[in-house]
Structures are given as structure tokens and as C-alpha cells.
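We did not get these values from a lab; they are worked out from the coordinates using the rules stated. Values in this document were obtained by computation on a predicted structure and should not be read as measured data.
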């Protein structure tokens with residue numbers, strides 16, 4: 001079963017995404033911080049297939065999570081969700097790290113658009 005890690009400091013969004021994605025037959029793990037996300041991703045027995053990641057969070061920001069993933073050779077697809085159109089240079093940094101502008105969804109997100117992007121990134125459906 002495909003497992004998705006949802007990382008967002010908005011608990012309500014995690015709950016909505018978990019419920020929606022589980023109804024689509026996906027396994028979902030939700031955490032509220034970049035620190036918690038890195039702990040899961042860096043575990044030797046991590047079963048995560050894709051990360052849905054907020055950019056602006058207290059503590060470790062989303063872009064830092066992506067940088068740490070790259071540093072540790074954790075090469076997973078990432079979908080960024082953000083409410084900010086001008087989060088200082090994060091689009092450029094994502095491009096430098098090998099991601100695309102198409103990997104970014106702006107809040108409020110369409111669940112259909114998210115699901116379509118998930119399937120595209122995983123190469124399914």
C-alpha cells in the first residue's frame with residue numbers, strides 16, 4: 001500500500017487530507033512539524049512513498065526538510081502546499097533541488113488537483 005506523509009502545522013488540514021486520501025485507498029501519516037517529518041523520513045524502516053509538505057511552519061521550514069532529504073539521499077516525490085505566493089525564493093530553491101513549479105499547490109487546495117498530482121508523481125492511475 002502506498003504511504004503518504006502529510007506535514008503541516010495546521011491540524012485541521014492534516015485531518016482533512018488523511019480522511020480524503022484514506023478514502024482513496026492510500027495510507028497516510030500526518031505530522032505537524034518539519035522536525036517530526038525528518039525523524040520519520042530518516043528512519044531506516046521508513047515506508048513513505050510521497051511527501052505532502054507545507055512550506056511555512058514554525059521551527060524547521062518545508063524547504064529545509066527538502067534540503068535535508070536531498071542531503072540524506074531520501075529521493076521521494078514531494079508536493080508542496082503553501083498559502084504564501086512570495087515565500088522568499090523557495091520556488092527557485094526547489095528548482096535547484098530538482099523539483100518543479102508543478103510540484104506546488106497553493107492553499108486553499110483542490111482535493112481533486114492534489115489527488116491528480118499524487119497519482120502523477122507516483123506513476124499510477
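In region 1-108, inverting the average of 1/r over every pair of distinct C-alpha atoms gives 13.9 Å as the Kirkwood radius. Cα centroid separation, region 6-23 to region 51-125: 15 Å.
Among 29, 51, 80, the largest mean-square fluctuation in a Gaussian network model of the chain, built with springs joining Cα atoms closer than 10 Å, belongs to 29.
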